[in-house]
């Protein structure tokens with residue numbers, strides 16, 4: 001759908017229709033606000049997002065997956081998309097085993113220890129996006145207040161100053177058309193155009209690692225357990241996948257892998273044929289799942305940490321990767337983004353219910369206060385883990401292994417870590 005005129009007025013414009021941007025749009029779909037969702041890529045055709053688990057049974061897995069926490073699941077349920085995700089491919093995991101590849105330290109997390117059914121779900125990103133786009137299309141049929149504009153790209157914007165509070169944000173698209181909005185939300189990813197055009201400052205640095213992602217089939221079942229090995233050359237995670245919900249066909253022998261390694265090693269691994277890569281992968285995970293029987297197409301990308309000094313300015317807010325990107329160590333990136341969307345939607349709706357200006361800087365700063373400390377804390381934790389396991393001196397290795405072994409036996413602290421990672425504490 002295209003805007004009806006060369007200049008269109010909206011209450012909220014969301015740039016980016018990925019998991020974070022689309023979830024915010026769904027959260028605001030029934031608010032009565034005039035919404036526009038912009039993206040540089042075309043939206044999927046309706047028949048591409050209405051598939052069921054049976055439709056996916058024989059399809060290759062998306063190499064991009066997310067570890068969705070119970071807190072994120074609750075948000076997705078509140079906006080009416082969880083059921084559509086659950087009937088597609090959605091793999092619960094109940095346990096996580098983490099160990100130091102250079103020693104004997106290990107930690108085992110189990111949902112039963114905190115009287116929970118599971119720790120979370122491993123879900124293909126495409127499955128989540130499909131469910132969100134399906135929900136948006138339903139909302140469009142029910143309301144004329146939502147507009148989807150794609151493919152479009154931004155070429156410029158003019159934001160109001162504090163002195164000109166109440167003046168709308170003016171957006172110019174590459175095709176020359178213009179939009180105005182009371183609130184512009186950047187959900188356009190790590191290389192956010194909105195963030196750049198609006199002049200937000202960031203602090204960023206390279207992790208000096210590249211991530212390799214793919215899907216593998218293993219000899220032994222994963223038993224709904226995520227496993228992660230820390231090595232001096234990087235981190236390797238095997239995340240359990242479910243092939244189908246139909247007729248008991250799930251043999252629990254597919255995993256999504258994320259292998260974070262030094263750039264030169266990533267290049268060498270990417271150059272291997274599938275059989276040689278499978279052997280390297282099998283050795284790196286210490287044969288925990290037996291033979292690696294097959295490997296899907298591999299992808300590699302550099303890892304970079306980034307955090308905006310501020311998430312908001314007059315009339316503009318950053319959410320998800322536009323505001324922060326972290327190491328994929330614990331799969332927390334998308335969960336941070338979904339909680340950004342949840343909190344921003346809650347602040348907007350609360351302002352509307354109390355007759356306040358939802359786009360006012362004071363409202364946006366409430367969103368920032370609720371999210372920036374939590375996001376920074378998670379980023380610092382991931383950076384600490386990365387640095388700790390990169391250290392090679394013998395004393396550091398000994399302390400690291402002793403610490404992991406001690407933590408595994410300290411039930412109260414370990415359970416607190418689990419609840420925090422799940423977003424329920």
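What follows draws every value from the coordinates through simple rules; no lab data is involved. A quick note: this is a predicted structure, and the numbers were derived from the prediction, not measured. Glycine also receives a Cβ, built like all others from the backbone with ideal geometry; neighbour counts cover every protein chain displayed.
Details
- Each Cα pair under 8 Å and six or more residues apart adds its separation to the average, and for segment 108-174 the resulting relative contact order is 19 percent.
- Each Cα pair under 8 Å and six or more residues apart adds its separation to the average, and for segment 162-246 the resulting relative contact order is 13 percent.
- Spherically averaged projected area of segment 226-341 from its Cα convex hull (nm²): 9.9 nm²
- In terms of its Cα atoms, segment 279-327 spans 55, 20, 17 Å along the principal axes, sorted from long to short.
- Computed label-point distance, nm, for sites residue 180 and residue 294 using a 7 Å Cα→Cβ extension: 5.7 nm
- FRET efficiency for residue 150 and residue 412, using Cβ-Cβ distance with R0 set to 56 Å, rounded to 0.05: 0.70
- Each part gets one Cα centre, and for segment 286-356 versus segment 68-147 those centres are 13 Å apart.
- Length-normalised contact order for segment 107-243 - Cα pairs under 8 Å, 6+ apart - percent: 14 percent
- Simple spin-label estimate for residue 41 and residue 251 gives 3.1 nm between the two label positions (7 Å along the Cα-to-Cβ direction from each Cα).
- The length gained on full extension between residue 274 and residue 106, counted as 0.36 nm times the residue separation minus their Cα-Cα distance, comes to 57.5 nm.
- Förster-model FRET efficiency, 25 Å R0, residue 265 and residue 196, C-beta, rounded to 0.05: 0.20
- The translational diffusion coefficient of segment 191-272, from Stokes-Einstein at 10 °C and 1.306 mPa s with a Kirkwood hydrodynamic radius over alpha carbon pairs, comes to 102 µm²/s.
- Sites residue 161 and residue 301, calculated FRET efficiency, Cβ-Cβ separation with R0 51 Å, nearest 0.05: 0.85
- The stretch between residue 287 and residue 117 holds 58.4 nm of extra length on full extension. This uses 0.36 nm per residue minus the Cα-Cα distance.
- Highest to lowest packing among 229-242, 333-346, 264-277, 296-309, scored as the average C-beta count within 10 Å: 333-346, 229-242, 296-309, 264-277
- Spin-label pair residue 77/residue 310, simplified geometry with 7 Å Cα→Cβ offset, distance in nm: 3.8 nm
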